[in-house]
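J.: Take this structure, written in structure tokens, and hold onto it; I'll ask about it next.
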Amino acid sequence: MDAAVEIEGVFQHVAGRCALDGVTLGVARGEWLLLIGPNGAGKTLLTRLILGLDAPSAGTVRVLGRTLSGLGAGAMGRWRGEVGAVLQGGSLLAGLTVLDNLLLPLRGTGATRAEMARAARLAVTQLQLEGLEGERPRGLSLGQRRRVELARALIHRPSLLVWDGLTEGLGPAGVRETLDLLRQQHANRGLTLIATDNRPAELLASGARVAVLDRGRLLFDGSPAALEQAAAGRLELRYVLAGHP
Amino acid sequence: MRGSYAEGTQPLCRGPSGWLEELGLAWLTLVSCLGLYLRILGGRDHLDVPAFAAALRQTGLSVLPATTLVALALGLILASQAESVFEDLDLPRLPVLAIGVKVVLELVPILVGILVAGRAGVALAVRQAGLTVSGEMDGLIVSGIDPVRFTLGPVLLAMLLMSFALTVWIGLTTCGALATWLWARVGVPPALFVEALQQSVDLADLFEGLAKPLIFAVAIALIASVCGLAAGRDPDGLGRAATRTVIGAVTAILLTDLVFVLLR
């Protein structure tokens, strides 16, 4: 398997509590993984490790062929150019306009003004952000802010997208449209996607591989069909699939 | 800090290992900031001008009335003390004036440091902590942007410029108030004050008096930056970062001044 993400025996302690308990998980290049689980399952912690925002207490995290803990500043900067992220709770800069937020990943990459303008136009059109370019994030609805975050995550054409809280701020139609857009990116250039959510019913039809996390432990890893079969005999999986928060 | 792994979005440990971590974070921050300045000088990056202008306003202009008042008060207090010495002890005026000037030269950088720490230092720490709490710091990092470019980079430069300017301003205002009071109340001629200045302050003293605020500014900026980064994602961290910055910066200023005194 040509792996995009390899997580091996990862433990993460937060405030003296074991929040990730020996998680081992792999994602192949071009594959889609839906990471589901109730609130507090450890989904956000795992995505933060994949994005190099936190270091694990133990275990290794390899993303796009690089072990993150061993990367120097320059290599980390280059690595970030291959990864896009939509973070739970939002991460747009309040003091910048939508357009300036969108262009952040292209700053310092050597992109010319014309290239940046072209990329911004495309992102604005794809994510239906026309007319919002000059707005500050505070003036946008939650759904609009999420679309801006997604546009920012995709503007530098990453090969891996990590999306924490897939349905946050998006209604069923918004989720459908967004997944359609990501499918296009997948078809065009094999985008690898890792998305998390705690409302699986709306998403299991997306065809992605599913991993179920609960209280820091990986309960299941397989196809949606296999998950339904497994859930028939496992109460904790049925609990997660019922969408309990 | 660009690209460094796990860039301080989790609170650091307490105790000696926490201090070591914070020292390491301060060092990385300083290196990152110097790297930014070198890139700007080399034309490979640019200064965030709006952030720099805001920092200049915050560090200098917004504290100018308070600093002027403090300088006047300091000058008048010292003058009043000198006046009572002249009246009670009948000492020669030149040595007393020289001691007064020395005291001004020692106190002014400390005062500037404390004022800058209380205004710009706290603002920087709260901004850093606020960026972390709101997720904006993460947004910068995942976008491949060095947070120093938006936070410490422009603020440290503004602090250096304004600390220097405020030291000159407060020094002149304090000496002016001191000399004016003594001239008006005791009849000490301005020429005698100038002579005391010339005799008590040599080039090394002047250099030290002007260099200290710059060193204090670097210490304040690093302490504020580390306290802000180490506050974690907890909203209570904002208040904690502000308090730790003031205490840390004032302690650092006084200890650094003591080192200068001991090295003379």
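The values are calculated or read from the model by the stated rules, or taken from the named source; none is laboratory data. Everything quoted here is computed from the prediction, not taken from an experiment. Heads up, the Cβs are rebuilt from the backbone with ideal geometry, glycines too, and the neighbour counts pull from every protein chain shown.
J.: Which ones in the stretch B:135-148 are in contact with a Leu (Cβ under 6 Å, 6 or more places away or on another chain) and more than 7 Å from chain A (Cβ to nearest Cβ)?
T.: Of everything in the stretch B:135-148, those that are in contact with a Leu (Cβ under 6 Å, 6 or more places away or on another chain) and more than 7 Å from chain A (Cβ to nearest Cβ) turn out to be B:M137, B:P147, B:V148.
J.: Out of all the residues in the stretch A:115-127, is one or more within 30 Å of A:S69 (Cα to Cα) and free of Cβ contacts under 8 Å to residues at least 12 places away in the same chain?
T.: No, because not a single residue in the stretch A:115-127 is within 30 Å of A:S69 (Cα to Cα) and free of Cβ contacts under 8 Å to residues at least 12 places away in the same chain.
J.: Sticking with this one: Let me confirm something: among A:L179, A:L150, A:L170, which residue is under 26 Å from A:L25 (Cβ atoms), part of a helix (DSSP H, G or I), at pLDDT below 85 and among the hydrophobic types (A, V, I, L, M, F, W, C)?
T.: A:L179 is the lone residue from the list that is under 26 Å from A:L25 (Cβ atoms), part of a helix (DSSP H, G or I), at pLDDT below 85 and among the hydrophobic types (A, V, I, L, M, F, W, C).
J.: Before we move on, is B:R127 basic (K, R), over 12 Å from the mean Cα position of the chain (by Cα) and either away from every other protein chain (no Cβ under 14 Å) or assigned to a helix (DSSP H, G or I) (or both)?
T.: Yes.
J.: When the stretch B:48-92 is examined, which residues are found to be touching a residue at least 24 places away in the same chain (Cβ under 8 Å) and not in a helix (DSSP H, G or I)?
T.: If the condition is that a residue be touching a residue at least 24 places away in the same chain (Cβ under 8 Å) and not in a helix (DSSP H, G or I), then B:D48, B:G60 are the ones that fit.
Every residue, every condition in (1) at pLDDT 90 or above; (2) among the polar types (S, T, N, Q), yes or no:
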{"site": "B:T132", "(1), (2)": "no, yes"}
{"site": "B:S143", "(1), (2)": "yes, yes"}
{"site": "B:T151", "(1), (2)": "no, yes"}
{"site": "B:S163", "(1), (2)": "yes, yes"}
{"site": "B:W169", "(1), (2)": "yes, no"}
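J.: What is the one condition in (1) within 25 Å of B:R127 (Cα to Cα); (2) in contact with an Asp or Glu (Cβ under 6 Å, 6 or more places away or on another chain); (3) away from every other protein chain (no Cβ under 11 Å) that A:T97 does not satisfy?
T.: (2)
J.: Kindly indicate whether B:I253 is over 22 Å from B:V101 (Cα atoms), among the β-branched types (V, I, T) and assigned to a helix (DSSP H, G or I).
T.: No; evaluated as a whole, the condition is false for this residue.
J.: Would you call A:L132 surrounded by 12 or more Cβ atoms within 10 Å (Cβ to Cβ) and not aromatic (F, W, Y)?
T.: yes
J.: Now, a different point. Could you give me the residue pairs with C-beta distances under 7 Å whose first residue belongs to the stretch A:54-81 and is within 10 Å of chain B (Cβ to nearest Cβ) and in contact (Cβ under 8 Å) with a residue 12 or more places away in the chain, whose second residue is assigned to a helix (DSSP H, G or I) and among the hydroxyl-bearing types (S, T, Y) wherever it lies, and which are 6+ apart or on separate chains?
T.: A:A55/A:S69
Okay, residues lined up against (1) more than 10 Å from every other protein chain (Cβ to nearest Cβ); (2) touching a helix residue (DSSP H, G or I) at 6+ places or on another chain (Cβ under 8 Å); (3) modelled with pLDDT of 90 or more:
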position: A:V14; (1), (2), (3): no, yes, no
position: A:L20; (1), (2), (3): yes, yes, yes
position: A:N39; (1), (2), (3): yes, no, no
position: A:L45; (1), (2), (3): yes, no, yes
position: A:L51; (1), (2), (3): no, yes, yes
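J.: Out of all the residues in the stretch B:146-183, which are under 20 Å from B:I99 (Cα atoms) and acidic (D, E)?
T.: none
J.: Which numbered condition trips up A:A85, out of (1) facing chain B (nearest Cβ under 7 Å); (2) surrounded by fewer than 23 Cβ atoms within 10 Å (Cβ to Cβ); (3) modelled with pLDDT of 90 or more?
T.: With respect to (1) facing chain B (nearest Cβ under 7 Å); (2) surrounded by fewer than 23 Cβ atoms within 10 Å (Cβ to Cβ); (3) modelled with pLDDT of 90 or more, A:A85 is out only on (2).
J.: I would also like to ask the following. Could you check the stretch B:16-47 and list, in sequence order, the residues that are in contact (Cβ under 8 Å) with a residue 40 or more places away in the chain and of a type in the set (S, T, Y)?
T.: Listed by number, the residues that qualify are B:T29, B:S32, B:Y37.
J.: Being surrounded by 17 or more Cβ atoms within 10 Å (Cβ to Cβ) and not in a helix (DSSP H, G or I) is the filter here, so list the residues in the stretch B:22-47 that pass it.
T.: Correct list: B:D45 only.
J.: Can you tell me which residue among A:T44, A:T24, A:T60 is surrounded by 17 or more Cβ atoms within 10 Å (Cβ to Cβ), of a type in the set (S, T, Y) and farther than 18 Å from B:G144 by Cα?
T.: A:T44
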